[in-house]
Amino acid sequence: MASNAPVRNPSGRRHGRHASSDERRKIAVTRRSTTGPLDAVPDDPLAASSPVSPSSTLSPSANPLSPAALTSPMPRGPRPTSRSPSPLPPKDFSHLLSPSNFHPLPTQHIPSAFLHSSHQPPPSTPLPELLKQGHHRLAAISAATSLVSSTSANDYVRIFQLLYIRLACLCLISQHGIAAQEAKVLGDLNSAFYRHPITRRHLVPWGLRVLCVRLLSAGYGDGRKGIMGFYELAREAREGETSTANPEQSDVELWTSCLQELGIRVASALIELNDLEAAAIHLKTLNYPNLSPSAARRLNMMEALVWLRIGSTTDAQRCIDASTPSSSSDNSPAILAALTATASGDFDAALAVWRDLHAAHPADALVGQNLAVCLIYTGHLAKSREVLEGLVDGGHAFRSLTFNLATLYELSSERAREMKLRLAGRVAEGVPSEEGWEGGLGDFKL
């Protein structure tokens with residue numbers, strides 16, 4: 001029968017259990033302040049760097065999905081401590097080249113006006129030319145064909161560049177589901193398989209890694225996974241610089257830009273999770289002390305837009321008041337003021353601002369489209385149609401514009417379908433550009 005007596009150790013001391021409420025078990029621990037990988041801290045070499053050009057951080061060119069980014073060089077990852085390059089022993093990436101990895105791209109969702117247009121390029125058109133002309137669907141097909149038929153399993157630089165083009169082009173033609181499925185073939189990009197065995201530098205370009213975090217979070221239906229992935233990349237960017245002896249100024253600027261881009265992407269992920277207030281507060285924390293006035297102003301504009309979406313015009317106005325125009329040609333504060341008036345239901349005041357902006361900047365498609373939408377709210381359908389069709393004739397045919405014009409046709413005519421088909425034909429006759437040319441049925445509400 002077991003005894004309840006305490007056991008003696010060789011030193012003669014008794015061993016016994018203490019109650020969980022025993023004060024002897026409570027140890028006072030000083031609370032430490034913590035910072036996240038996207039926070040700016042005084043001793044961080046990235047925070048003390050020179051201001052980063054806003055064009056490299058907040059403009060569309062910083063977006064891995066922008067047309068210019070598809071052919072521009074991408075950073076490969078934080079540099080190792082040693083600057084001397086080390087050759088990579090042969091590594092087999094043949095699992096990324098299997099034809100079963102790539103899905104066929106259907107054409108049923110494309111209006112026939114585009115499929116039979118004289119602007120359709122011949123099958124022999126090189127991939128760079130397809131990207132330059134905005135033929136993103138054909139560029140995605142060309143990239144997959146090159147991966148399967150003419151790429152060595154050891155040429156990881158070419159493999160990852162073509163994979164990036166393939167996935168980015170799929171997103172640009174609104175085939176996010178296919179892109180998410182194909183991104184799963186890469187597996188865990190944080191594994192040692194994708195690192196140089198000597199320098200430990202990541203072999204996958206930065207742009208592809210950022211894009212895969214977004215796609216994989218969507219593919220697995222877990223938005224929080226995407227946020228954690230962005231923070232993991234931010235941590236790696238910081239460690240890459242803090243572990244580098246005497247970092248070059250260009251590297252500091254590069255990784256500061258990457259950190260700010262990741263911060264904006266975290267806000268975007270929070271918006272997709274419908275946590276708008278957290279996204280607005282997060283954007284406010286990205287106003288690092290070392291930001292240039294122009295970059296800080298753009299972040300204020302982003303935060304204001306989120307507050308407007310929430311419905312808090314007071315907070316949006318606070319962001320607008322904190323921003324000063326970078327030049328006399330900068331119309332961002334006026335645009336946000338008009339959007340604030342629209343969100344408040346004061347359409348007449350908003351319409352007056354949009355008209356003034358359109359008169360000053362007649363070629364600005366953003367201003368023209370918002371003017372047309374405000375004209376719809378105030379009952380001026382004919383004038384709104386005139387503005388939107390003028391933008392189409394001027395070479396602007398982005399998705400939201402054609403969608404709004406198709407909606408206007410539905411509101412003003414019983415022959416809306418015929419008018420939408422003619423609109424698709426007008427867009428198909430336009431000269432292709434790198435911003436995109438081929439539209440889908442959904443772009444014209446067909």
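The values are calculated or read from the model by the stated rules, or taken from the named source; none is laboratory data. It should be emphasised that the depicted structure is a prediction, and the values quoted were computed from it without experimental measurement. Cβ placement follows ideal geometry from the backbone for every residue including glycine, while neighbour counts extend to all protein chains displayed.
Quick notes on this one:
- Boolean, VAL387 is over 27 Å from ALA295 (Cα atoms) and without any contact (Cβ under 8 Å) to a residue 40 or more places away in the chain: yes
- The number of residues in region 412-427 being more than 17 Å from GLN369 (Cα to Cα) and part of a helix (DSSP H, G or I) comes to 11.
- Residue match in region 157-171 (condition: touching a Lys or Arg at 6+ places or on another chain (Cβ under 8 Å) and surrounded by fewer than 22 Cβ atoms within 10 Å (Cβ to Cβ)): no
- Single unsatisfied condition, ASN154 versus (1) surrounded by 19 or more Cβ atoms within 10 Å (Cβ to Cβ); (2) part of a loop (DSSP other than H, G, I, E, B): (1)
- Residue match in region 326-338 (condition: within 25 Å of the chain's Cα centre (by Cα) and of a type in the set (Val, Ile, Thr)): yes
- The listed residues are THR407, THR402, and the only one of them that is modelled with pLDDT of 85 or more, within 15 Å of LEU366 (Cα to Cα) and part of a helix (DSSP H, G or I) turns out to be THR402.
- Only one entry of ASN287, ASN274 meets the criterion of being under 24 Å from ARG214 (Cβ atoms), at pLDDT 85 or above and outside any helix (DSSP H, G or I), and that entry is ASN274.
- Some residue of region 358-372 being over 30 Å from GLY134 (Cα atoms) and surrounded by 19 or more Cβ atoms within 10 Å (Cβ to Cβ): no
- Residue within region 429-439 that is in a helix (DSSP H, G or I) and of a type outside the set (D, E, K, R) present: no
- A residue that is in a helix (DSSP H, G or I), under 22 Å from CYS258 (Cβ atoms) and in contact (Cβ under 8 Å) with a residue 12 or more places away in the chain occurs somewhere in region 184-197.
- Residue count for region 219-233 satisfying the condition of being modelled with pLDDT under 85, within 21 Å of LEU167 (Cβ to Cβ) and more than 15 Å from the chain's Cα centre (by Cα): 5.
- The test for being among the β-branched types (Val, Ile, Thr), within 24 Å of GLN120 (Cα to Cα) and under 30 Å from the mean Cα position of the chain (by Cα) does not hold for THR407.
- Close pairs from region 122-149: first β-branched (Val, Ile, Thr), partner surrounded by fewer than 21 Cβ atoms within 10 Å (Cβ to Cβ) and assigned to a helix (DSSP H, G or I), Cβ under 6 Å, at least 6 apart: VAL148/PRO99
- Hits in region 332-355 (condition: in a helix (DSSP H, G or I) and either without any contact (Cβ under 8 Å) to a residue 12 or more places away in the chain or in contact with a strand residue (DSSP E or B) (Cβ under 6 Å, 6 or more places away or on another chain) (or both)): ALA349, ALA352
- Answer residue from region 410-446, given it is among the acidic types (Asp, Glu) and modelled with pLDDT of 85 or more and is farthest from SER117 (Cα to Cα) among those: GLU414
- Hey, THR378 over 30 Å from ALA428 (Cα atoms), among the β-branched types (Val, Ile, Thr) and surrounded by 16 or more Cβ atoms within 10 Å (Cβ to Cβ) or not: no
- The residue pairs whose first member lies in region 395-424 and is without any contact (Cβ under 8 Å) to a residue 24 or more places away in the chain and surrounded by 14 or more Cβ atoms within 10 Å (Cβ to Cβ), whose second member is of a type in the set (Ser, Thr, Tyr) and in a helix (DSSP H, G or I), and whose beta carbons are closer than 7 Å, counting only pairs six or more residues apart or on different chains, are ALA416/TYR409; MET419/TYR409.
- Residue within region 164-182 that is outside the structural domain of LEU441 (by the TED database), hydrophobic (A, V, I, L, M, F, W, C) and in contact with a Cys (Cβ under 6 Å, 6 or more places away or on another chain) present: yes
- Residue match in region 342-363 (condition: modelled with pLDDT of 85 or more, of a type in the set (A, V, I, L, M) and under 27 Å from the mean Cα position of the chain (by Cα)): no
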